[in-house]
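Derivation of every value follows stated rules applied to the coordinates shown; laboratory data play no part. Model, not experiment: these values are computed from the prediction.
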Amino acid sequence: MRIMAFDYGTKRIGVAVTDPLQIIATGLDTVHPLQIIDFLKRYMQTEQVERFVVGEPKQMDNTPSQSAMHVKGFVNLLKKTFPAIPVEMMDERFTSKMASATIAQSGMGKKARQNKELVDNISAVILLQSWMDRKIY
């Protein structure tokens, strides 16, 4: 079964997923928030998802950021729509910066670093990989 992670934004949600053995995190897609539930229902017709990991937006002092209330609404929607799938929160500070750095190190140009969909997608992968790394140790 797969683990799925979300980098939630009010304009886009980066979605990443593990392979069935939960070894590798891969970017799946970037989806508009109004389309995410339909996207997930379609995906789960062919794939089994064991757990959702949602990026928890925090300020540097560990307090919730401005987007925390939107994320909370998204988490409630996930729980209501998919009650059998547990939802876990994971600190997402620095994931966007790490995603931009990853894109830069990959040799992609400035245009790729400014592609917000790509950044959101890679942020979700970093979030999921961090969650998996934490689970292993």
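Our estimate of slack between residue 50 and residue 117, defined as 0.36 nm per intervening residue step minus the Cα-Cα distance, is 21.6 nm.
If you stretched the chain out fully between residue 69 and residue 134, how much longer would it get, using 0.36 nm times the residue separation minus the C-alpha to C-alpha distance?
Details: separation 65, 0.36 × 65 = 23.40 nm, distance 2.53 nm.
Computed gain between residue 69 and residue 134 is 20.9 nm.
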